[in-house]
Amino acid sequence: MGCAISGLAAKSEFAEKTSEDAAAAAAYPSEDQIQMIKDSWKVIRDDIAKVGIIMFVRLFETHPECKDVFFLFRDVEDLERLRTSRELRAHGLRVMSFIEKSVARLEQLDRLEALALELGKSHYHYNAPPKYYSYVGAEFICAVQPILKERWTAELEEAWKTMFQFVTSLMNQGYQEESARQCQLALSPKERPDKRNTAL
């Protein structure tokens, strides 16, 4: 829709890079990329509510199947109603808050990993599968370009993509870990391979 990354091929490529196979290979942003992200965030954060709404309205436009994850918006077809929805604004702000925390932790890898893994685990309980995570990054990038205007460059886009690919690979890992843990809990004590029946 007017954004370079919004083409399906670009989104598909972006999504592929954050798939399970790529999780281990996701690159960490370089020092220069971290500085670019932090500098651009200073401008973006003045419009975080607006960016959050734009991001999710675009997400529902380009990937309507994502609405299935959001009970409140599942049956809303009117995009104008979505744009003015208090619930969507609140969710957009929660996502933007996560992005802000991620940016703040870019130089503290252990804290960033813990944050993203925990979010991936919680998304297991929201029934929000990893295939959707990369879509949010792509829509964020589209939403911030007009805000950053001439500050937006190919290098800055690559920096943000790198951060999102890294974070979403960790979220995917957290989701998979929680999924495995829940499967393990669902097994009866006899079926659990790590439990020995010690009764005499």
The stretch 134-153, residues that are modelled with pLDDT of 95 or more and hydroxyl-bearing (Ser, Thr, Tyr): 153
Condition check: in contact (Cβ under 8 Å) with a residue 12 or more places away in the chain, open to solvent by less than 10 Å² (accessible area, probe 1.4 Å) and not in a helix (DSSP H, G or I). Does residue 106 satisfy that? yes
Could you tell me whether residue 13 is surrounded by fewer than 19 Cβ atoms within 10 Å (Cβ to Cβ) and modelled with pLDDT under 50? yes
Is it the case that some residue within the stretch 83-103 is of a type in the set (D, E, K, R) and not in a helix (DSSP H, G or I)? no
Yes or no: the stretch 53-72 includes at least one residue that is open to solvent by 50 Å² or more (accessible area, probe 1.4 Å) and closer than 26 Å to residue 156 by Cβ. yes
Whichever residue in the stretch 85-103 is more than 22 Å from residue 43 (Cα to Cα) and out of contact with any Leu (no Cβ under 6 Å at 6 or more places or on another chain) and, among such residues, is most open to solvent (accessible area, probe 1.4 Å): 86
Right, residue 158: in a helix (DSSP H, G or I) and in contact with a Phe, Trp or Tyr (Cβ under 8 Å, 6 or more places away or on another chain) or not? no
Residue under evaluation residue 136, criteria (1) assigned to a helix (DSSP H, G or I); (2) in contact (Cβ under 8 Å) with a residue 40 or more places away in the chain; (3) farther than 20 Å from residue 45 by Cβ, criterion not met: (3)
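The values are calculated or read from the model by the stated rules, or taken from the named source; none is laboratory data. Computed from a prediction, not measured in an experiment: that's the story for all the values here. Glycine also receives a Cβ, built like all others from the backbone with ideal geometry; neighbour counts cover every protein chain displayed. Ligands, DNA and RNA are stripped out before the accessible areas are found, and what is left, the full protein with its side chains, is counted by its heavy atoms. Shrake-Rupley method; radii C 1.70, N 1.55, O 1.52, S 1.80 Å.
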